[in-house]
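Everything below concerns the one structure shown next.
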Amino acid sequence: MPNNKTIGLIQLGSINQVLETIVAFKGYTKSFPDIHKTIFLKSLARELEPLLKEEFEKIIYIQELDKSSVEKNLNYLNEEILKVSFSVLINLTFSKASAYLCSLINAKFRLGFKYSKTNSLEIEDTWSKYIYAVIMGKNINPFSIIDIYKSIIGNKQTKLQKFSD
Amino acid sequence: MSDLTIILTQYLSNIKEKLLKNQVLDKEDFLYLYLASVLEEDAKQ
């Protein structure tokens, strides 16, 4: 029986954050060889494509806004982004836009920042809550962000260590 | 002000009305909210 489990990942952060995400996914395929992985990125991450292709089966670059027309943007989103669906969708970007995108893309289960139908920000998983509460806007995080990403995505090769250990 | 900004502003006031009436948002509302948030992030950069 074919395994059709799919993971979608939203990473709309900087090149640095994309690199951290790639590293966090190292070894993931070994633990879950049958899962098809898709990543959503900003076009600035194109220069990392060779590295991305090692970890992800499908890469989707989110087009920049066309400021001349709403319809063009809506058509693009409906035809290119919202046609896909996932077993699990994980948002590793902690921004308003990524949270709305996470709520829009079809998925059975979502992790990370997302918006509810009453437009309130929701975070269900523990490590995303930790990032929101401890890391964002502060500088007091004792863990490696890559290890936190690994914990969020469920990479079994995770062993959280403090920098001082 | 661009066409996009004008339409988004109009649509966002519809969403505000919905929320004030305790109505839930649908997919179309989220599409506009997403576009507005991207526009907001672009403006900050």
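Indicate the gyration tensor shape class of the stretch A:78-136 (rounded, prolate or oblate), computed on the Cα atoms with a ≥ b ≥ c the square roots of the eigenvalues: a/c under 1.5 is rounded; otherwise a/b larger than b/c is prolate and the rest oblate. Prolate, because a/c is 1.5 or more and a/b exceeds b/c. Counted over the protein assembly as shown, the DSSP beta bridges are approximately 10% antiparallel. Comparing A:64, A:124, A:54 in a Gaussian network model of chain A where C-alpha atoms under 10 Å apart are linked, the largest mean-square fluctuation is found at A:64.
Quick check: net charge around residue A:136, other residues with Cβ under 13 Å of its Cβ, Lys/Arg +1 and Asp/Glu -1? Local charge sum for residue A:136: +3.
Compute the helix-to-body angle for B:27-44: its Cα long axis versus the longest principal axis of chain B, expressed 0 to 90° and rounded to tens. So the inclination is approximately 30 degrees.
The value of relative contact order for chain A, using C-alpha pairs under 8 Å at least six residues apart, is 22 percent. Rg over Rh for chain A works out to 0.96, using Cα positions for both radii and the Kirkwood form for Rh. Taking other C-beta atoms within 10 Å as the exposure proxy, A:132, A:149, A:115 rank A:132, A:115, A:149 from fewest upward.
Considering chain B, its Cα convex hull presents a mean projected area of 3.2 nm². Pairs spanning more than 20 Å between alpha-carbon atoms, out of A:37/A:67; A:30/A:129; A:42/B:44: A:37/A:67; A:30/A:129. Rounded to the nearest 20 debye, the dipole size of chain B about its Cα centre is 200 debye, using +1 on the Cβ of Lys and Arg and -1 on the Cβ of Asp and Glu.
Here is how the number arises for the protein assembly as shown: DSSP H runs of 4 or more residues each give -39500 (n - 2.57), the sum is divided by the residue count, and the result at 222 nm is -12000 deg cm²/dmol. Against chain A, whose longest principal axis is taken from its Cα atoms, helix A:15-25 shows a tilt of about 60°.
Quick note: the coordinates plus some simple rules give every number you see, no bench work behind them. On a predicted model such as this, the values are computed, not experimentally measured, just so you know. Note that each Cβ is placed from the backbone with ideal geometry, even for glycine, and that neighbours are counted across all protein chains shown.
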